[in-house]
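The values are calculated or read from the model by the stated rules, or taken from the named source; none is laboratory data. Please read all numbers here as calculations on a predicted model, not as lab measurements. Neighbour counts run over all protein chains shown; Cβ positions are idealised from the backbone, glycine included.
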Amino acid sequence: MPPNFDQRQPVSYAARWAALKNVPAFIRMVWRASPGLTTIMIALRLVRAIMPVTMLWIGKLIIDEVVRLIGLDNSPGSLTDWWQSGLAGYLSLLVIAELGLALGSDLLGRGVNYTNALLQERLVISLSIRVMDHAADLDLEDFEDATFQDKLDRARRITVGNIPLLTQMMALLQDLVTVASFAAGLVIFNPWLVVLLLIALIPAFLGETHFNALTYAMNYRRTAERREMDYLRMVGASAESAKEVKIFALNGFLRDRFADLSQRFYAENRGILRRQLLWMALLTGFGTLSYYGAYLWIIGATLSGVLSIGDLTFLSGSFLRLRGLLEGVLSGFSGMASQALRLDDLFDYFNELPEIASPADPLPVPDPIRQGFTFENVGFRYPNAERWAVRNLSFTLRAGETLALVGENGAGKTTLVKLLARLYDPDEGRILLDGRDLRDYDLDQLRAAMGVIFQDFVRYAMSAADNIAVGRIEARGDLPRIEAAAQQSGADQVISKLPAGYEQMVGKQFARGVDLSGGEWQKLAIARAYMRHAQVLILDEPTAALDARSEFEVFQHFKELSTGKTAVLISHRFSSVRMADRILVLADGRVEAEGTHAELLAAPGRYRDLFELQAAGYR
């Protein structure tokens, strides 16, 4: 059942203005991104802010001086005669001053654009890095939660491209200073002109705020559908999915689903824009009538001799500019409130805190591990899941032992490994390392002591060397170590065939990239575990994409390299697990049986049944 796309949840005025509390924190972010550029930007904006009223005032003085000179008896005829007579000296200075201000204003405008572009770039970089750093601190279960994914998506979108709030905030500061300077000029002549202007603009301001909030509410509510649209765009036109899209003729289905979602977006947005068009036309029309009412007063005062021609020019120009500026200021405040609401999304993401972390006074991870790991009645259930992934799980992984985990899909093998690496913490029971609760140890040290390769390992669009170096990224520049890890996993044979060897870009995402087969990718991934030089080696289905010869070679190396280390191996291939010192058979999240390959084959049970089923396929 599709969601009700016609539901509207407009944000209240209180919520919109309450969101402005985010602005000070945002200003601190901008300052941290680049104190120097921020200072330059503010200085340029302030200087530029007072130029319009200064130029208009000089224009008034020029007109008044021209009128005065025209009224002189025996005034010279041509412009040259005026200069030669010396009567136009003051007028010349005024014209030169206005020219200098005009040129300076243009230069300042370019300086503002240049500084704004650089500051935007620095801010996007700073916030993007902060989003990435914060993601690294969060728990794995956060990324497996759809609600968090929506929150993360909204935070990411804020850090993609320019951040409107920065430009709005700086432009608003400039406009406020300009408004203050123009308003001061109007107040000198008639304070009621400013009051009339404000009364005329407030309705338009409230209308603008209301429709901005409606648009934000629509976008917020549709985050999940927007992510689905992005996903459909990616699946419908990507190298990874192209084969299946063509073979299964999925293009029509994907296109129609995308068109349906986007049409619903379009329909709702069109409804908001139509209402905005009608109401804003009425409200701005009211402002226009108010402006011309004030304009008539200025004309009348000039005709009656209260104001000079220069005053008329200054006041009419000031009122016209003030109207536009105040519309911009009020719209800017409304836009800032809307953008500040979007900052809620960013701060909501930053307010997410990890539950899995090092204690206040962590224990150092023992090196070497002496006793091993003990699971005591461990139970764990994934968030929002009814079924327990593992429960009442008890066993010991002894130091220096190679332990194989066997079981059907869903038995809890990968979950056990995630608990061992503290990607999750148990909901019940506890896990001990050398007799102490795993949660007592320093988390970074614990994970650094483990080399884990999961079956869904990442295929990085990087060089072959970097694909291995991610196993211990701080040793990225240690080529001999990378080469040794590649030799141990068999990846050296793959890399030797690449045009640029270890420097070859792998994957087809970027130009000059060379794609690899599933088995070749798997050898690079296994090399990461060896690159780590970890005390504990964990391979989760490491040979699923390898042929029989490559699988044999991998496990020969694994047996040699795991000597003296604690190792865990997950595999459905009994030819692989038989080399383990001990095998655990898991079923429904519990240990059903354990022993060596020979011991488990000798006794009736799941292990022997599965072995015989697999063996029958080779007979």
Sort out which residues of region 140-184 are among the aromatic types (Phe, Trp, Tyr) and either closer than 15 Å to Ala49 by Cβ or without any contact (Cβ under 8 Å) to a residue 24 or more places away in the chain (or both), and write them in order of number.
Phe143, Phe182
Restricting region 486-517 to residues that are part of a helix (DSSP H, G or I) and in contact (Cβ under 8 Å) with a residue 60 or more places away in the chain, the one farthest from the chain's Cα centre (by Cα) turns out to be Gln488
Quick check on region 530-548: of everything there that is surrounded by 21 or more Cβ atoms within 10 Å (Cβ to Cβ) and hydrophobic (A, V, I, L, M, F, W, C), which residue is modelled with the lowest pLDDT?
Leu546
When residues of region 575-596 are limited to those that are over 20 Å from Gly410 (Cβ atoms), out of contact with any strand residue (DSSP E or B) (no Cβ under 6 Å at 6 or more places or on another chain) and modelled with pLDDT of 85 or more, the one surrounded by the fewest Cβ atoms within 10 Å (Cβ to Cβ):
Thr596
Look through region 127-139, keep the residues that are in contact (Cβ under 8 Å) with a residue 12 or more places away in the chain and in a helix (DSSP H, G or I), and return whichever of them is surrounded by the most Cβ atoms within 10 Å (Cβ to Cβ).
Leu127
Of those in region 422-457 that are of a type in the set (Asp, Glu) and over 19 Å from Val568 (Cβ atoms), the residue surrounded by the fewest Cβ atoms within 10 Å (Cβ to Cβ) is Asp444
Exception for Val306 within (1) over 24 Å from Ile62 (Cα atoms); (2) surrounded by fewer than 16 Cβ atoms within 10 Å (Cβ to Cβ) falls at (1)
Report whether or not Ile272 is within 17 Å of Leu322 (Cα to Cα) and either under 33 Å from the mean Cα position of the chain (by Cα) or β-branched (Val, Ile, Thr) (or both).
no
Considering (1) surrounded by 24 or more Cβ atoms within 10 Å (Cβ to Cβ); (2) assigned to a helix (DSSP H, G or I), say which one Glu483 fails and leave the rest.
(1)
Taking only pairs six or more apart or across chains, which ones have beta-carbon atoms under 6 Å, a first residue in region 450-468 that is more than 24 Å from Asp367 (Cβ to Cβ) and of a type in the set (D, E, K, R), and a second residue that is at pLDDT 85 or above and outside any loop (DSSP other than H, G, I, E, B)?
Arg459/Trp521
Considering only residues that are at pLDDT 80 or above and exposed (fewer than 12 other Cβ atoms within 10 Å of the Cβ), look in region 232-258 and name the one that is nearest to Thr209 (Cα to Cα).
Asp256
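Rundown of residues vs (1) free of Cβ contacts under 8 Å to residues at least 24 places away in the same chain; (2) of a type in the set (A, V, I, L, M), yes/no style:
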site	(1), (2)
Ala360	yes, yes
Asp367	no, no
Phe380	no, no
Pro383	no, no
Ala389	no, yes
Asn392	no, no
The number of residues in region 388-412 that are at pLDDT 90 or above and within 22 Å of Phe143 (Cβ to Cβ) is 3
Here are the criteria: (1) modelled with pLDDT of 85 or more; (2) surrounded by fewer than 14 Cβ atoms within 10 Å (Cβ to Cβ). Tell me which single one Glu520 does not satisfy.
(2)
How many residues of region 140-199 are part of a helix (DSSP H, G or I), closer than 15 Å to Met336 by Cα and not small (Gly, Ala, Ser)? The answer is 13
Evaluate region 100-115: report whether one residue or more is more than 17 Å from the chain's Cα centre (by Cα) and of a type in the set (Phe, Trp, Tyr).
yes
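Conditions tested, residue by residue: (1) in contact with a strand residue (DSSP E or B) (Cβ under 7 Å, 6 or more places away or on another chain); (2) touching a residue at least 40 places away in the same chain (Cβ under 8 Å); (3) at positive phi.
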site	(1), (2), (3)
Asp434	no, yes, yes
Glu474	no, no, no
Leu479	no, no, no
Ile482	no, yes, no
Would you mind finding the one in Gly471, Gly477 that is surrounded by fewer than 16 Cβ atoms within 10 Å (Cβ to Cβ) and outside any strand (DSSP E or B)?
Gly477
Restricted to region 565-574 and to residues being surrounded by fewer than 22 Cβ atoms within 10 Å (Cβ to Cβ) and part of a loop (DSSP other than H, G, I, E, B), the residue modelled with the highest pLDDT is Lys565
For region 334-385, how many residues are crowded, with 20+ Cβ neighbours inside 10 Å, of a type in the set (Phe, Trp, Tyr) and modelled with pLDDT under 90?
1
